[in-house]
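Chemist: Please see the structure below; I have some questions.
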Ligand code: HEM
Ligand SMILES: [Cu+2]
C-alpha cells in the first residue's frame, strides 16, 4: 500500500513542474494582499534566475563529463589560470546580484512601512496558544488548537484542516489597514500567515509590528514558526477576514460576553455547576501537562491528584493559578481564563480523582477570584 | 642532560606503542587523525539514528513513534551531533593526517596538546548523550538553543549541555592553535605560503575562524549559565535582559561556524578534481583569495538568520547586501572547479564522483542560500523546510560528501590498501540518488508552508514527507555500505602503491603507502621544485 502511494508521489514530484495546479500546491502562496503578491513576484524572479544559473552550471558540468573523459592519446591541457576570464565572470556575478538587490530593496521598503493602522491588534504568544487583544475595543481572547487528541493519535479521522484549526479565530475586517503589535509572554514564538506574507517573531519584552490589508473575505491559516517548546507544532493561527458590518457584530458580541461574565461572578453557584465547567476548562487548558487523570508527568509537571496544595491549601492554589510558578512551565491564568473558569477549575481539581476524600473538599466561587484580583490592585 | 637526549633519540625510531596505550597516550599526528576520523564515523551513526527517528515520526501525519517532547530532543541532538561531533571532528582528523604530510613536517607542532584536544571530545559527547538518561531528558531547544527557551524554560540538563559545549569549544580552539602553529612554522623549506596545497590554505583560514568565534560561543553559554544559576538577566526580559541579544551572539558565532564546516571541503575538492582531471587547479590564487574573502565576509552577515526578529530596515538591508556578496567568491570557486575540468583528461573513480557531486549539489545549496539572502522573500522562507533543504544541501552533499571523497581518496595512502572500486561506486550512486530524494522535495514543502521543527504536520504536506522519509532511510542504509567498504579495504584490500592515483600531485604522494609512523623527519627541500597542488 505504501509502495503504491510512494510511486504515485514520486511520479507527481517529477511531473509537478509540468502541470500547473500541482505546481501551485508546492510553491509559495501568491497571497491575498499587495505586499504578499509583490513578495511572491520577487520570489519567482529570484527563483527563475537561480534555476537558469543552476541549469547552466549543471549543464556545463554534464558537457565536461562527457566531452573530456580520458581518451587514448589525448593529452590534458596544462593552463592554470586566465585572469581576464576570471575578472569577467566576477563582474558578471556582481551584475546579476545588483539586478536582484534592486527589486529586493524596493519590496523591503514597502514591507517595512510602519504607519498606524485603522485597527490595532496586540498579539501575544503563549506556550502554546495565541492571545488577541483589540486595542481600541478592549476585547481580548485566546485562540487554541481545535484538533482533537484522538485525531493526533490516529484514533479519529483527520479532517481537511488537521492541525490548522482553532476554537476562536482572529477576526479582521477587509479593506482596512490592520496593524499587529506582536509580543510574547514566555518564550519566543513567531506569528506567520503566509497569505499575508507576515512572519514576525513574538519576543518577550519586545513589541514588534507588522500589518496587513486584505481585500478578499476569507479564512487564512498559518502556524507558529519559532520553536517554542513541546507543543510548538500545535499552535496554529486562523484569521477570518470579514465585511465591515460582520466585524462590528463580532466585536459587539465579544463585548456583550464580557458584560455577561461580570454578571456571572455575582451569582450564587452550585458545586455541580462549577464542577462541570471546571472539567471542561481542565480538559482544554491543563491536561497537556497535568494529564487527564491528574497524575502529571513528574518531576517536570507535578501531579494534582493527591497533591497537598490542591487538597488542603485553597489560598495557595488560587495564588498559583493567578500568578503562575516562576521558572516552571506553569503560567499565570489570570488573563487567559475568566473568574468563573478559574474558580470552576480549582473546584474541579479539589473534587476530582478522590481529592475531595483526602482533603477539606471546599469549593472556590468566582467572587473569591475577583476579590483576589481586587486586593492585588 | 645527555640521558635526556639519548632517550629522545631512542624514541624516534620505534613504532607505535602496543595495545590501548598507543591510542590513549599517542602524540602521533597519524594516530590522532585516525582517532578523530573514527570518532566522527561513530557519531555519524548516532546522529544518523536520530535522523531516522525524526523521519519515521514524519513519515505520515499524526503521532507515529515518539512523543513531541522526545521529538524535540531528537531534533536538537541530531543537529548538535552532526555539527560538532561529525563534520568538525572529521575535518580536524583530516587536518591531522594531511597537513604535516602535505607541508613536509614530521608532526603537528604541539603533539601533546593534540592528544588532549582529541580526548576531551569523547568526554564532551559522553556528557551530552548522558543527558538522555537524566531527569527531564536531553536538551530539547534546537541546536541554535535560543534563550529563553534554553534558559528559563529549559530542562535541568541544560547545565550539562553548557558544560559539553564548553569542552567542545576548548577542543576546537586547541586544535586550531595547533593547526596555525604547524602551518606557519613547519613548512618544508621552499614552500612559501602561495605554494601551499589548497587543503592547507583552507584549514589555515578555518583555524583562524575557529579561534575568533569559539570564544564567542563560550561567552554565550556562560551567560546562559549565569542566567540559570546565578541570578543574572542577560537574556531574561523580566529582569531587563534581552532575548534578541542571545541571537546576535549566537549567530556571530554561528555564521562563521557554517563556513568552518565548508572551507576545508573546498580544499579537499580542489585536490581531487585536479588529480582526476590530470590538470593543475585553475586559478590557484583566486581560490585562495576566494576562501579568504568568504571567511572575512562571514563575520558581517550573521543577522541574515534574524530577518524576522524586528530589526530596523537599515539592518535588514545591510545584512541582505553583505550576504549576497558572499555569492561572488562562492561562484568564483565553482567556476574554477569547472575550468579545472575543462580540457582535462577525466576519470571517474569514487573520490571524483563524490567531488563532482559536491560541486553540483553545493551549487544548488548556494543558490537557495542566495534566495534566502533576499530579506523580504526570507519573511516567507524563514524557519520553514526551505531553510532545512538549503542547509542540508550545503552540509550533506556539501561538507559530508567532501569528507567521504577525502576518505576514498586518501584511504589507500593511510592504510596501504585499496578499497573496492565497485562497492565504492555503488555507495556513491546510492548516496547520490537518496540524498536528492531526501532533500530536494524539502524545498517544496517549505515553500508550501511547512514550518521546521514540528513533530506533526497538516495534510497537504503528507505526500512529500513520505518521499523524504523513504529517501532518508535509503541514505542512512547506504552509509552502512560505506562502513563496509572502509573495513573491507583495511582487512582485505589489495596493496596500494605510493603514488596511488595516476594524476596525484603533492608531498603526501611521495611517501610510501602506508607512510612510516614518522615521516619527513628530515624535511624535503622544495627550493628547486614546485609543491603546489
Ligand atoms: C552562497 C552561500 C550562502 C548563502 C548566501 C547562505 C544564506 C543563508 C541564509 C540567508 C540563511 C538563513 C535562512 C533563514 O533562517 O531564514 C541560511 C541558513 C543556514 N545556512 Fe546558509 N548560506 C550560504 C551557504 C551556506 C554554507 C556553505 C553552509 C554550511 C556549510 C550554510 C549553512 C547554513 C545553515 C546551517 C543554516 C541554518 C541554520 C539554522 O537556522 O539552523 N550555508 N543560509
Ligand atoms: Cu548564515
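Chemist: Just for region B:228-238: of the residues that are in contact with a helix residue (DSSP H, G or I) (Cβ under 9 Å, 6 or more places away or on another chain) and in a helix (DSSP H, G or I), which one is nearest to the other protein chains (Cβ to nearest Cβ)?
Modeler: Once the filter is applied, the top-ranked residue is B:237.
Chemist: While we're looking at this one, here's another question. Kindly indicate which of A:64, A:97, A:87 is more than 23 Å from residue B:358 (Cβ to Cβ) and touching a helix residue (DSSP H, G or I) at 6+ places or on another chain (Cβ under 8 Å).
Modeler: That would be A:97, the only listed residue that is more than 23 Å from residue B:358 (Cβ to Cβ) and touching a helix residue (DSSP H, G or I) at 6+ places or on another chain (Cβ under 8 Å).
Chemist: If residue A:245 passes every condition in (1) in the same structural domain as residue A:142 (by TED's automatic domain parsing); (2) within 26 Å of the chain's Cα centre (by Cα) but one, which one does it miss?
Modeler: Of everything listed in (1) in the same structural domain as residue A:142 (by TED's automatic domain parsing); (2) within 26 Å of the chain's Cα centre (by Cα), residue A:245 misses just condition (2).
Chemist: Let me ask something else about it. Can you tell me how many residues in region B:360-383 are within 16 Å of ligand 2 (Cβ to nearest atom) and on the phi < 0 side of the Ramachandran plot?
Modeler: 16
Chemist: Do the conditions hold for residue A:331, that is, is it in a loop (DSSP other than H, G, I, E, B) and either in the same structural domain as residue A:148 (by TED's automatic domain parsing) or in contact (Cβ under 8 Å) with a residue 12 or more places away in the chain (or both)?
Modeler: The answer is yes for residue A:331.
Chemist: Let me ask something additional. Within the group B:360, B:373, which residue is within 13 Å of ligand 1 (Cβ to nearest atom) and either within 12 Å of chain A (Cβ to nearest Cβ) or touching a strand residue (DSSP E or B) at 6+ places or on another chain (Cβ under 9 Å) (or both)?
Modeler: After ruling out the rest, the residue left standing is B:373.
Chemist: In region A:299-324, which residue that is within 14 Å of another protein chain (Cβ to nearest Cβ) and part of a loop (DSSP other than H, G, I, E, B) is surrounded by the fewest Cβ atoms within 10 Å (Cβ to Cβ)?
Modeler: It comes out as A:299.
Chemist: Among the numbered criteria (1) assigned to a helix (DSSP H, G or I); (2) within 14 Å of chain A (Cβ to nearest Cβ); (3) away from ligand 1 (no atom under 16 Å from the Cβ), which one does residue B:207 miss?
Modeler: (2)
Chemist: Follow-up question, since we're still on this one. What number goes with the only condition from (1) touching a residue at least 60 places away in the same chain (Cβ under 8 Å); (2) at positive phi that residue B:152 does not pass?
Modeler: (2) is the only condition that residue B:152 fails.
Chemist: Pick from B:105, B:130: which is out of contact with any strand residue (DSSP E or B) (no Cβ under 7 Å at 6 or more places or on another chain) and part of a loop (DSSP other than H, G, I, E, B)? Show your work before the answer.
Modeler: Details: B:130 fails: part of a loop (DSSP other than H, G, I, E, B).
The unique qualifying residue is B:105.
Chemist: Restricting to region B:239-292, and then to whatever is assigned to a loop (DSSP other than H, G, I, E, B) and touching a residue at least 40 places away in the same chain (Cβ under 8 Å), can you tell me which residue is farthest from ligand 2 (Cβ to nearest atom)?
Modeler: Pass one, region B:239-292, residues assigned to a loop (DSSP other than H, G, I, E, B): B:240-242, B:261-262, B:278-283.
Filter once more, keeping what is touching a residue at least 40 places away in the same chain (Cβ under 8 Å): B:261-262, B:278-283.
Working: B:261: 11, B:262: 11, B:278: 36, B:279: 33, B:280: 32, B:281: 27, B:282: 28, B:283: 25 Å.
Looking at the filtered set, the residue picked out is B:278.
Chemist: For region B:326-340, which residues satisfy the criterion of being within 13 Å of ligand 2 (Cβ to nearest atom) and at the interface with chain A (Cβ under 8 Å from one of its Cβ atoms)?
Modeler: Within region B:326-340, just B:327 meets the criteria.
Chemist: Could you check how many residues of region B:165-181 are more than 16 Å from residue B:219 (Cβ to Cβ) and touching a helix residue (DSSP H, G or I) at 6+ places or on another chain (Cβ under 6 Å)?
Modeler: Looking only at that region, the number is 7.
Chemist: Restricting to region A:37-54, count the residues that are in contact with a helix residue (DSSP H, G or I) (Cβ under 7 Å, 6 or more places away or on another chain) and over 16 Å from residue B:324 (Cα atoms).
Modeler: Qualifying residue count for the region: 3.
Chemist: Does residue A:87 qualify as being surrounded by fewer than 14 Cβ atoms within 10 Å (Cβ to Cβ) and not assigned by TED's automatic domain parsing to the domain that holds residue A:241?
Modeler: The answer is yes for residue A:87.
Chemist: Across region B:315-324, what is the number of residues that are surrounded by fewer than 20 Cβ atoms within 10 Å (Cβ to Cβ) and within 13 Å of ligand 2 (Cβ to nearest atom)?
Modeler: Qualifying residue count for the region: 1.
Chemist: In this structure, is residue B:411 over 30 Å from residue A:113 (Cβ atoms), touching a strand residue (DSSP E or B) at 6+ places or on another chain (Cβ under 6 Å) and either modelled with pLDDT of 95 or more or within 11 Å of chain A (Cβ to nearest Cβ) (or both)?
Modeler: Working: over 30 Å from residue A:113 (Cβ atoms): yes; touching a strand residue (DSSP E or B) at 6+ places or on another chain (Cβ under 6 Å): no; either modelled with pLDDT of 95 or more or within 11 Å of chain A (Cβ to nearest Cβ) (or both): yes.
No, not satisfied.
Chemist: Separate question: Looking at region B:290-303, which of its residues are more than 10 Å from chain A (Cβ to nearest Cβ), under 14 Å from residue B:201 (Cβ atoms) and more than 10 Å from ligand 1 (Cβ to nearest atom)?
Modeler: Scanning region B:290-303 gives B:291, B:292, B:293, B:295.
Chemist: The conditions are (1) within 14 Å of chain A (Cβ to nearest Cβ); (2) over 20 Å from the mean Cα position of the chain (by Cα); (3) modelled with pLDDT of 95 or more, and residue B:436 fails exactly one of them. Which is it?
Modeler: Of everything listed in (1) within 14 Å of chain A (Cβ to nearest Cβ); (2) over 20 Å from the mean Cα position of the chain (by Cα); (3) modelled with pLDDT of 95 or more, residue B:436 misses just condition (2).
Chemist: Follow-up. Using the structure shown, decide if residue A:231 is more than 10 Å from every other protein chain (Cβ to nearest Cβ) and touching a residue at least 24 places away in the same chain (Cβ under 8 Å).
Modeler: Working: more than 10 Å from every other protein chain (Cβ to nearest Cβ): no; touching a residue at least 24 places away in the same chain (Cβ under 8 Å): yes.
Answer is no for this residue.
Chemist: Name every residue in region B:481-533 that is free of Cβ contacts under 8 Å to residues at least 24 places away in the same chain and under 30 Å from residue B:55 (Cα atoms), in order of residue number.
Modeler: B:487
Chemist: Taking the criterion of being under 28 Å from residue B:471 (Cα atoms), surrounded by 23 or more Cβ atoms within 10 Å (Cβ to Cβ), facing chain A (nearest Cβ under 8 Å) and in contact (Cβ under 8 Å) with a residue 40 or more places away in the chain, would at least one residue in region B:304-314 satisfy it?
Modeler: The answer is no; no qualifying residue exists.
The values are calculated or read from the model by the stated rules, or taken from the named source; none is laboratory data. Here the structure is a predicted model, which is why all the values come from computation and not from measurement. Neighbour counts are summed over all protein chains in view; Cβ atoms, including those assigned to glycine, are modelled from backbone coordinates with ideal geometry.
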